[in-house]
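Down below is the structure, laid out as structure tokens.
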Amino acid sequence: MALPNRTKMNGVVSLTDKVVPAYYLISAAIEVAVPRGANKEKLLRGTGIFLEQLTPQSFLSARQCLTLLANVQSQCNSKDVSFLIGKSLADAWQSPFLQSLEHARNLNCASKLMFQYRWHCFPFISFRPYRVNNNIVWALENTMGSKKQFSFLLEMSLSMLVSLVKQWLGKRTDLMCHLDTGRPRNISDYETYLGLNTRFDSPISSVSISEQAMFIDFPNANNVSVISDIDINTDLPQQSLVDLVRFEAINMPTKSQLDIATELGVSSATLKRSLSEYGTSFRALQEQAKRQQAIILLALQKLNNLQGASRMSVNDLPNFRRTIKRLTGYTPSELRALLP
């Protein structure tokens, strides 16, 4: 099997690192797009992808994949293309890695493997887990900085996830998608591919499922390691550069841009330029991460001000209230009342 091609920074995957085993993604995208008005040759324009060289052992960069998916968006006349590609990745173009996960013990085990080897499953969306009451909530983040494509990538990824979970369990579960966008005109597509309980106008995009459902045994579970026969690289970092900056903003909020650049083995200027390639900045990613953290802690977990301030490393309560208002547009009490 060809090895992933990585360069540049220590411990993170960049837009140009060739770590995505994209044969199945590219095949599904072309198969869905061409009957819906796209031209195969034009889909490949600007991607550096050559179909005659593409094999199940090929690795591509996120930038190459995103360019092809942008071409799909611009050339297709159908609004359900993202959902169809996601469903195809769970069905006709399911990779051997995803096929192996039906033999995991349950969704808790399968999800850990999906996120551990995320470049095989969700190269464009990161899932940050939280426990809220008796539910697991995965907060969804844009892992490659493609703001214009985020809705498309989210729809594709969630369509694949919902379809996979239904296959693995042999039935629908209480898995629910919450999106931070307004109610769309093509609501029927969301209900068809994501479920009738899909929610809109949520403070953050997330997926929730009961802890009980996470431990329902899969019908095809076995005691053998589910990836033992799959040729997969286990040494790749599982964070993109923007993932890392968001993570540090929550877990080590005192770290500066220079601190993180030093840990990555680059200069602060190089880190700044690299983040600009994602269409973002160090400050913007810090604010995004802290905003999401505030919503999780107060709107979902219902922590009081003292608990919230401690978790967010804010020294005093007046400053905490100002911080929450600046990040979210709500006071802490308004944020707690935002969701039931």
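I'm told Arg45 meets every condition in (1) over 27 Å from Ser163 (Cβ atoms); (2) part of a helix (DSSP H, G or I) except one. Can you identify the failing condition by its number?
Checking Arg45 against (1) over 27 Å from Ser163 (Cβ atoms); (2) part of a helix (DSSP H, G or I), the one that fails is (2).
Quick check: anything in region 27-34 in contact with a Cys (Cβ under 6 Å, 6 or more places away or on another chain) and at negative phi?
Yes.
For Val162, only one of the following conditions fails: (1) hydrophobic (A, V, I, L, M, F, W, C); (2) under 22 Å from Tyr23 (Cβ atoms); (3) modelled with pLDDT of 90 or more. What is its number?
Here Val162 meets the rest and fails (2).
Being surrounded by fewer than 21 Cβ atoms within 10 Å (Cβ to Cβ) and modelled with pLDDT of 90 or more is the filter here, so list the residues in region 115-126 that pass it.
Within region 115-126, Phe122 is the sole residue that qualifies.
If a residue has to be in a helix (DSSP H, G or I), out of contact with any Asp or Glu (no Cβ under 7 Å at 6 or more places or on another chain) and more than 25 Å from Gln64 (Cα to Cα) to count, how many in region 247-268 make the cut?
Applying the first criterion (in a helix (DSSP H, G or I)) to region 247-268 yields 247-251, 257-264, 268.
From the residues that got through so far, the ones that are out of contact with any Asp or Glu (no Cβ under 7 Å at 6 or more places or on another chain) too are 247-251, 257-259, 261-264, 268.
Subsequent filtering for residues that are more than 25 Å from Gln64 (Cα to Cα) retains 247-251, 257-259, 261-263, 268.
Counting residues in region 247-268 that are in a helix (DSSP H, G or I), out of contact with any Asp or Glu (no Cβ under 7 Å at 6 or more places or on another chain) and more than 25 Å from Gln64 (Cα to Cα) gives 12.
Would you confirm, using the coordinates I've provided, whether Gly308 is modelled with pLDDT under 95 and out of contact with any His (no Cβ under 8 Å at 6 or more places or on another chain)? Lay out the reasoning, then the answer.
Details: modelled with pLDDT under 95: no; out of contact with any His (no Cβ under 8 Å at 6 or more places or on another chain): yes.
No.
Could you say which residue among Gln64, Gln99 is outside the structural domain of Ser268 (by TED's automatic domain parsing) and under 30 Å from Ile260 (Cβ atoms)?
The match here is Gln64.
Those residues that are of a type in the set (Gly, Ala, Ser) and not in a helix (DSSP H, G or I), I need them from region 88-104; list them, please.
Matches in region 88-104: Ala92, Ser95, Ala104.
Based on this model, can you work out whether Phe83 counts as in the same structural domain as Tyr190 (by TED's automatic domain parsing) and assigned to a helix (DSSP H, G or I)? Working first, answer last.
Numbers: in the same structural domain as Tyr190 (by TED's automatic domain parsing): yes; assigned to a helix (DSSP H, G or I): yes.
Yes.
Only one of Pro35, Pro56 is within 30 Å of Trp168 (Cα to Cα), out of contact with any helix residue (DSSP H, G or I) (no Cβ under 7 Å at 6 or more places or on another chain), modelled with pLDDT of 90 or more and surrounded by fewer than 21 Cβ atoms within 10 Å (Cβ to Cβ); which?
From the options Pro35, Pro56, the qualifying one is Pro35.
Within region 105-151, how many residues are in contact (Cβ under 8 Å) with a residue 60 or more places away in the chain and assigned to a loop (DSSP other than H, G, I, E, B)?
9
Within the set of pairs 6 or more residues apart or between chains, which connect a residue that is among the basic types (Lys, Arg) inside region 87-103 to a residue that is buried (at least 22 other Cβ atoms within 10 Å of the Cβ) with Cβ atoms less than 6 Å apart?
Final answer for the pair search is Lys87/Ser159.
Just a yes or no: is a residue in region 186-194 assigned to a loop (DSSP other than H, G, I, E, B), aliphatic (A, V, I, L, M) and modelled with pLDDT of 95 or more?
Just the residues of region 186-194 that are assigned to a loop (DSSP other than H, G, I, E, B), to begin with: 186.
Keeping just the survivors that are aliphatic (A, V, I, L, M) gives none.
Taking every residue of region 186-194 in turn, none turns out to be assigned to a loop (DSSP other than H, G, I, E, B), aliphatic (A, V, I, L, M) and modelled with pLDDT of 95 or more.
Can you tell me which residues in region 24-54 are more than 25 Å from Lys147 (Cβ to Cβ) and either free of Cβ contacts under 8 Å to residues at least 40 places away in the same chain or not assigned by TED's automatic domain parsing to the domain that holds Met114 (or both)?
Val34, Pro35, Asn39, Lys40, Glu41, Phe50, Leu51, Glu52, Gln53, Leu54
With respect to Gln99, determine if the residue is within 30 Å of Ala213 (Cβ to Cβ) and either modelled with pLDDT under 95 or of a type in the set (D, E, K, R) (or both).
It is true that Gln99 is within 30 Å of Ala213 (Cβ to Cβ) and either modelled with pLDDT under 95 or of a type in the set (D, E, K, R) (or both).
If you check Asp243 against the conditions, is it surrounded by fewer than 15 Cβ atoms within 10 Å (Cβ to Cβ) and assigned to a helix (DSSP H, G or I)?
no
Scan region 195-213 residue by residue and report those that are under 15 Å from Lys166 (Cβ atoms) and surrounded by fewer than 17 Cβ atoms within 10 Å (Cβ to Cβ).
Leu196, Asn197
Please specify each residue of region 299-334 satisfying the condition of being touching a residue at least 24 places away in the same chain (Cβ under 8 Å), in a helix (DSSP H, G or I) and not hydroxyl-bearing (Ser, Thr, Tyr).
If the condition is that a residue be touching a residue at least 24 places away in the same chain (Cβ under 8 Å), in a helix (DSSP H, G or I) and not hydroxyl-bearing (Ser, Thr, Tyr), then Ala299, Leu300, Asn305, Gly308, Ile324, Leu327, Pro332 are the ones that fit.
The values are calculated or read from the model by the stated rules, or taken from the named source; none is laboratory data. Quick caveat, the model's predicted, so the values are computed rather than measured. We place every Cβ from the backbone using ideal geometry, glycine too, and count neighbours over all the protein chains shown.
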